[in-house]
Amino acid sequence: MKKIGIGIVFGMLLGFAFPGYALPPGQKMEFTKSPMGKVVFDGNLHPSKGIMCDGCHPAVFEQKKGTAKITMANHEAGDKYCFVCHKEGGKAWPIKDNCNKCHIKP
């Protein structure tokens, strides 16, 4: 029983030691390297639509910040990252003609 308690405490400590691995509801993550304008991921938007973290992690996105290399080729192919759902015939609105839903020009 003591080992289980130690394991739980250790797991909790690891969770706090690596805050870059998760985006809790109520927070936003900004991606500023896009030439099309920054992209803001709102931690409330997907859960408000019934899509929880495990809907994308780890199957679509790794749970480590900086591992997703989103490119124009990803957009066009529609087979990785956001575009698994955001494509013609996908679960969510398609990216075609909807650039400003994600990209915010300064």
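The values are calculated or read from the model by the stated rules, or taken from the named source; none is laboratory data. For clarity, every value in this text was computed on a predicted model and none was experimentally measured. All Cβ positions, glycine included, derive from the backbone under ideal geometry; neighbour counts span all protein chains shown.
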When both residues are 6+ apart or on different chains and their Cβ atoms are under 8 Å apart, which pairs have a first residue that lies in region 72-91 and is within 16 Å of Asp54 (Cα to Cα), and a second that is surrounded by fewer than 17 Cβ atoms within 10 Å (Cβ to Cβ) and among the charged types (D, E, K, R)?
-> Cys85/Lys91
With a cut-off of at least 1 residues that are surrounded by 10 or more Cβ atoms within 10 Å (Cβ to Cβ), at pLDDT 85 or above and not hydrophobic (A, V, I, L, M, F, W, C), name the helices (runs of 4 or more DSSP H) lying wholly within region 1-78.
-> 45-48, 72-77
Return the pairs, sorted by first residue and then second, in which the second residue is of a type outside the set (Ser, Thr, Tyr) and assigned to a loop (DSSP other than H, G, I, E, B), the first residue lies in region 37-54 and is over 25 Å from Pro106 (Cβ atoms), the beta carbons are less than 6 Å apart, and the residues are 6+ apart or on different chains.
-> Pro47/Pro25
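Among the residues of region 51-106, what is the count of those that are on the phi > 0 side of the Ramachandran plot and of a type in the set (Val, Ile, Thr)? First the steps, then the outcome.
Our first condition is that a residue be on the phi > 0 side of the Ramachandran plot; within region 51-106, this holds for 66, 78, 81, 89, 97.
Narrowing the set further to residues that are of a type in the set (Val, Ile, Thr) leaves none.
Total satisfying the criteria: 0.
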